[in-house]
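Report on the structure given below.
The values are calculated or read from the model by the stated rules, or taken from the named source; none is laboratory data. Just so it is clear, the model here is predicted, and its values are computed rather than measured. Neighbour counts run over all protein chains shown; Cβ positions are idealised from the backbone, glycine included.
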Amino acid sequence: MTDTQQARDARQAAHAEPPREGQPAADLQSAREGRPSGDAGPRPAPDGRPSGDAEPARPADDQHASDAAARALAAMQALILDNDRRRSVAEATGISFARSRALRRLVQRPLRMSELAAKLATDKPYTTLIVDDLVRRGLVERTTDPDDRRCKLVSLTETGRAMALRAQEILAQPPEGLFRLTPAELETLAALLEKAADRPS
């Protein structure tokens with residue numbers, strides 16, 4: 001070390017703040033060198049975030065479960081919501097699937113127009129068009145609601161009821177794809193779907 005460097009170090013030591021009581025010498029040395037002391041706060045995580053704010057990584061199992069659930073939903077939609085079943089209903093009844101759907105909603109009891117529109121998830125003008133057509137075909141009839149004479153009830157005729165039951169029968173038939181499974185696989189599938197639907201087996 002040169003004489004000049006020794007002199008500079010001696011001057012720095014003379015003017016340095018003495019250590020506070022309880023302050024580690026290492027902290028004082030860190031302060032002299034411009035480094036944060038041991039109580040300067042949490043060190044940043046490897047990704048740059050403070051360690052206290054680090055978000056836990058999403059478990060891989062969660063992602064796998066989400067992907068599997070999406071695959072299961074897509075498979076169920078392909079089995080249940082395919083066009084062949086709707087086409088079969090339309091061919092058997094001679095009316096559109098939307099009209100047979102209105103008939104099926106009336107099987108349990110007559111409905112007011114507003115109730116039928118809600119069950120079909122259609123607006124009232126479109127529901128009126130469907131009902132008008134079904135009336136012309138002799139499948140439904142309108143009557144005055146005995147509880148509110150300002151409202152009309154829509155009810156099935158005998159012909160309309162038979163057609164609605166026929167449509168329900170077609171839709172209740174298991175899709176062909178299910179018959180590719182063995183009896184044991186069908187039992188397992190039924191139990192799993194009932195569990196997912198929160199229905200007792």
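Consider ASP39 carefully, then state whether it is under 30 Å from LEU139 (Cβ atoms) and at pLDDT below 90.
no
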In region 133-164, how many residues are surrounded by 12 or more Cβ atoms within 10 Å (Cβ to Cβ), within 20 Å of PHE97 (Cβ to Cβ) and among the charged types (D, E, K, R)?
3
Examine region 102-119 for a residue that is among the aliphatic types (A, V, I, L, M), under 30 Å from the mean Cα position of the chain (by Cα) and either under 30 Å from ALA69 (Cα atoms) or loosely packed, with under 13 Cβ neighbours inside 10 Å (or both), and state whether such a residue exists.
yes
Restricting to region 177-201, name every residue that is among the charged types (D, E, K, R), under 27 Å from the mean Cα position of the chain (by Cα) and exposed (fewer than 12 other Cβ atoms within 10 Å of the Cβ).
GLU185, LYS195, ASP198, ARG199
With the requirement that a residue be surrounded by 13 or more Cβ atoms within 10 Å (Cβ to Cβ) and hydrophobic (A, V, I, L, M, F, W, C), what does region 74-101 give you?
MET76, LEU79, VAL89, ALA90, ALA92, ILE95, PHE97, ALA98
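Look at ARG71 and say whether it is modelled with pLDDT under 60 and farther than 30 Å from LEU153 by Cβ.
no
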Filter result (under 20 Å from THR144 (Cβ atoms) and aliphatic (A, V, I, L, M)) within region 103-114:
LEU106, LEU111, MET113
Where ASP123 falls short, out of the listed (1) farther than 30 Å from GLY177 by Cα; (2) surrounded by 15 or more Cβ atoms within 10 Å (Cβ to Cβ)
(2)
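Matching residues to (1) assigned to a helix (DSSP H, G or I); (2) under 27 Å from ALA92 (Cβ atoms); (3) of a type outside the set (A, V, I, L, M, F, W, C); (4) at pLDDT below 95:
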position: SER114; (1), (2), (3), (4): yes, no, yes, yes
position: GLU141; (1), (2), (3), (4): no, yes, yes, no
position: THR159; (1), (2), (3), (4): yes, yes, yes, no
position: PRO174; (1), (2), (3), (4): no, yes, yes, yes
